[in-house]
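Below: the structure, in structure tokens.
What follows is calculated from the coordinates using simple rules that are stated; it is not laboratory data. Remember, it's a predicted structure, so these values are computed and weren't measured experimentally. A quick note on method: Cβ atoms are made from the backbone with ideal geometry, for glycine too, and the neighbour counts reach across all protein chains shown.
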Amino acid sequence: MYRSKGKITSLCPLSFVGSGKEVEVCEIRSGIGLCKRLAHMGIYPGTHLSVIGNGKPGPVIVVIGEKRIGLGFGVCTKIIVKALS
């Protein structure tokens, strides 16, 4: 759970998600450059990801379809996700 302006929501940054969880990207809170770079990797709002490794505060490894992608902890704090099931 993530506190946003006093409210507890089911949305949280990708860096908070533990290994073995499946999530959906809801929002990317960043500039146009990072948004484009993530979109080229296949990460944009509506994408389903599986987190297979979270080395807090190290890289987060996610699976999108058949691809495995390692993302830095700072980038993951800008990707807002919600848990699936």
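Some values worked out for this structure:
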item: Given (1) buried (at least 17 other Cβ atoms within 10 Å of the Cβ); (2) more than 11 Å from the chain's Cα centre (by Cα), index of the condition PRO57 fails; result: (1)
item: Boolean, GLY46 is exposed (fewer than 15 other Cβ atoms within 10 Å of the Cβ) and more than 17 Å from PHE16 (Cβ to Cβ); result: yes
